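Visitor: Structure incoming, see below.
Values quoted throughout were computed directly from the atomic coordinates according to the rules given, and no laboratory measurement underlies them. Because the structure is predicted, anything quoted here is derived from the model rather than measured. Virtual Cβ from ideal backbone geometry, glycine too; neighbours counted across all protein chains shown.
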Amino acid sequence: MTAQPREGISLKREDITFTMVKPHAYGKWPEVLAAILSYEYKTAETGIEVPAEFTIEAIRAPVKIAKETAKEFYAQHRDRPFFLELVDMMTEGTVACMVVSGPDAINQYRQLLGPTNVQEARKNAPYSLRAKFGESGDGVPLSYNAAHGSDDPKSAKREIGFFFRMSEVSDRIARVLTYPQ
Ligand code: RTP
Ligand code: MG
């Protein structure tokens with residue numbers, strides 16, 4: 001699915017992010033999508049809630065990730081003790097992948113995601129995707145936190161490249177992603 005470009009709005013690298021709904025939350029990904037589109041945050045200056053203005057630029061779902069792809073996707077965590085658990089979780093079912101744009105989308109989306117730890121998310125960020133759709137409890141791995149979001153423009157470009165061809169996003173997104181960084 002490709003969204004229509006919004007004319008006249010220029011995008012910066014930090015305005016494009018990648019997200020993936022993890023397998024354990026895949027059954028609820030339409031609700032995740034609805035939460036993304038209706039997300040409002042409190043402005044620091046006034047405390048007034050304003051829409052984050054996320055646009056879903058492209059969707060691929062369902063996607064079954066191969067073990068080798070999951071290992072490459074999360075290569076930065078290769079030496080962490082939870083790496084194999086993370087790879088198992090990412091490959092135990094299907095995922096939904098999305099390219100998301102909006103003002104300061106990378107940071108805004110990380111806010112919407114909430115803390116990595118689901119219990120912390122429920123306590124400190126009850127509005128967040130991880131609080132609402134993450135799993136926690138006895139025997140539930142910490143990796144069951146509902147969704148992934150890119151942490152910087154370089155990661156967003158890399159992660160989008162795993163799942164989308166440039167021909168699958170609008171020209172204005174492709175232009176920003178292919179511009180030398
Ligand atoms: P993500 O990359 O998925 O958006 O998550 P994040 O930035 O909040 O956290 P990160 O440190 O990049 O960790 C990647 C994913 O690994 C799982 N994890 N498990 N067992 C553990 O201690 C542990 N720590 C992290 C989580 O699924 C996390 O999202
Ligand atoms: Mg991360």
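Visitor: Using a cut-off of 26 Å between alpha-carbon atoms, which lysines can reach Lys154, once sequence neighbours fewer than 8 places away in the same chain are excluded?
Guide: Lys12, Lys22, Lys64, Lys67, Lys71
Visitor: Also, quick follow-up: With only alpha-carbon atoms in the gyration tensor, what are the semi-axes of the equivalent ellipsoid for the chain, in Å, largest first?
Guide: Calculated on Cα positions only, the semi-axes equal 25, 21, 14 Å.
Visitor: Ok, one more. Tell me the volume per residue, in Å³, of the convex hull enclosing the alpha carbons of the range 128-181.
Guide: Enclosed volume per residue, from the Cα hull, is 107 Å³.
Visitor: Here's something else I'd like to know. Remind me, relative contact order of the range 69-167 in percent, using alpha carbon pairs under 8 angstrom and six or more residues apart?
Guide: 24 percent
Visitor: On to the next question. Between Glu72 and Ala34, what is 0.36 nm times their sequence separation minus the Cα-Cα distance? Round to one decimal in nm.
Guide: 10.7 nm
Visitor: Also, quick follow-up: Write out the GluC sites (Glu not before Pro) in the range 21-79 meeting two conditions: DSSP loop, and at most 13 other Cβ atoms within 10 Å of their Cβ.
Guide: Here the GluC sites (Glu not before Pro) that fit, given the DSSP loop and packing criteria, are Glu45.
Visitor: Additional query: What percent do you get for the relative contact order of the chain when only Cα pairs under 8 Å and 6+ apart count?
Guide: It rounds to 33 percent for the chain.
Visitor: Could you work out which residue, out of His148, His77, His24, moves most in a Gaussian network model of the chain, that is, has the largest mean-square fluctuation with Cα springs under 10 Å?
Guide: His77
Visitor: Now for a separate question. Which residue, Asp88, Asp15, Asp104, tops the fluctuation ranking in a GNM of the chain built on C-alpha contacts under 10 Å?
Guide: Ranking Asp88, Asp15, Asp104 by mean-square fluctuation puts Asp88 first.
Visitor: In addition: Multiply the residue separation of Arg158 and Lys12 by 0.36 nm, subtract the distance between their alpha-carbon atoms, and state the gained length in nm to one decimal.
Guide: 51.0 nm
Visitor: If you don't mind, another one. Where is the GNM fluctuation largest for the chain (alpha-carbon springs, 10 angstrom cutoff): Ser101, Ser143, Ser155?
Guide: Ser155
Visitor: While we're on this one: List the trypsin sites (Lys or Arg not before Pro) in the range 59-132 that DSSP assigns to loop (not H, G, I, E or B) and whose Cβ has at most 12 other Cβ atoms within 10 Å. Which are they?
Guide: Answer by residue number: Arg78.
Visitor: Over the Cα atoms of the range 1-91, what Rg and Dmax result, in angstrom?
Guide: 16.8, 47
Visitor: Any idea what the alpha-carbon Rg over 2.2 N^0.38 Å comes to for the range 82-131?
Guide: For the range 82-131, the normalised Cα radius of gyration is 1.34.
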